[in-house]
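Heads up, the thing below is written out as structure tokens.
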Amino acid sequence: MIRPDLTLVPDPLADLGEAVPAPLRRSARTSRTSAKAPETQAFPPPAAVPSWARASGRAGDPLFAAGAGLALLDAHLRRDPPAAGALRSRLALISAAASAKILRLNTHEGALRDLRLAVGDAGPAARLLQLWRDLAARAPSLDPGRLAAAAAALDLAPPDPDGLATSLKACAGEGDPISAAAKVAAFVFSAFLDAPAAEAEILALWAFDLALAIRLRWPRPLPLIATKILDPALRAPASGRRPKPGEPAWEKHAAGAIALAAGDALGLVADLSRRADTLIAVAPKLRAKPAPKIVDLLLAEDCVSAAEAARQAPMTDRAARRLFDRLVSLGAAREFSGRPAFRLYGL
């Protein structure tokens, strides 16, 4: 019988503040574009969470369901799938959109995509997107400088970054990974009682995903909890409200959000895996010399523009647009903006 409090990986309490020493990703120099037959997939999609292990938000054991979903995600990520970067980037976008709702900002995922490469201070929505993208792009660690930078992105100032980091490391080592991450989030929220509640809650959710990645020894965090924290299924039936970090129902609420988020993430993983297989299979048909770089960009990012690709490849803007149009026609990429110009492409 599987216990709900079973830790998913060996307990990494030796040094919670240090970055993961051996990333699971292969070197960026490794080519993803070698010819592959579509029927021989090196990275098949992960299994979905079985129906008996799912939580609907109000029924079942959310901690058990969250553990089941995270175990499947963990198994997939440890195989180093080609589209892991695109997965993290997409989840960061979804988390930023959810955070914008918490702050009552008038924005959405499409508008946030346009802010991805914004220069300077492009406003609170751009800062939210950068906050979650930075979380997904760096090895997890609870160091004072990183905590202070994340708080500053939300116009918050921790009273004592060093003391906060020390306390969070202690919280992150208590109990199973999900409960430990919930304790970290509650402590962060309590450290900003005099700050606006919405900003403090977003920072707490950010810290939750960071602590969870440390406990699971993921080389990069997956932005998860914010993607489902606003789900109506998690609200209390009587009051219709959702508990804030540190309240009596918070840990159960957080586990329910992770259970739902892990299920949705597995669905996203399956979709991205199929699209990545198609992209890798058609890559040998691309004649342009910079094509391998474009393929790597699509596997690493939620979306990319022709201008961005032209700078990194390098190639002309026109050549980049033609290459992306070719990928779209082959079913290896999608166009997200729906505009005739300044278009965005991704898996």
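Values in this text are rule-based calculations from the coordinates and carry no lab data. Owing to the predicted nature of the structure, the values given are computational and were not obtained by experimental measurement. In this analysis, Cβ positions are derived from the backbone assuming ideal geometry, glycine residues included, and neighbour counts consider all displayed protein chains.
To the nearest 0.05, what FRET efficiency results for Leu330 and Ala118 with a Förster distance of 35 Å applied to their C-beta separation?
Efficiency computed from Cβ-Cβ geometry: 0.70.
Kindly state, to the nearest 0.05, the FRET efficiency for Glu247 paired with Ala307, given R0 = 45 Å and r defined as their beta-carbon distance. Walk me through the numbers on the way to the answer.
Values: r = 46 Å, r/R0 = 1.03.
Approximately 0.45, to the nearest 0.05.
Going by the alpha-carbon gyration tensor, a ≥ b ≥ c the square roots of its eigenvalues, is the range 287-347 rounded (a/c under 1.5) or, if a/c is not under 1.5, prolate (a/b greater than b/c) versus oblate?
The shape class here is rounded.
About the Cα centre of the range 254-311, how large is the charge dipole given +1 on each Lys and Arg Cβ and -1 on each Asp and Glu Cβ? Please answer in debye to the nearest 20. It would help to have the intermediate numbers written out before the result.
Values: 7 positive and 7 negative charges, 90 e Å.
Result for the range 254-311 is approximately 420 debye, rounded to the nearest 20.
Which trypsin sites (Lys or Arg not before Pro) from the range 168-267 combine a DSSP loop assignment with at most 10 other Cβ atoms within 10 Å?
Arg241
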From the cross-link list Lys169/Lys228; Lys183/Lys244; Lys101/Lys252, which pairs have alpha carbons spaced over 20 Å apart?
Lys169/Lys228; Lys101/Lys252
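Give the calculated FRET efficiency between Ser190 and Arg78 to the nearest 0.05, with a Förster radius of 51 Å applied to their Cβ-Cβ distance. List each step's numbers first, then the result.
Values: r = 34 Å, r/R0 = 0.66.
Using R0 = 51 Å, I get an efficiency of 0.90.
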Enumerate the lysines that Lys285 could reach by cross-link, defined here as Cα to Cα under 27 Å, with residues fewer than 8 away along the same chain left out.
Lys36, Lys293
Based on alpha-carbon centroids, what's the gap between the range 204-274 and the range 302-347 in Å, whole number please?
32 Å
Starting from the 7 Å offset along Cα-to-Cβ, what nm value, one decimal, do you get for the label separation of Arg138 and Lys293?
2.7 nm
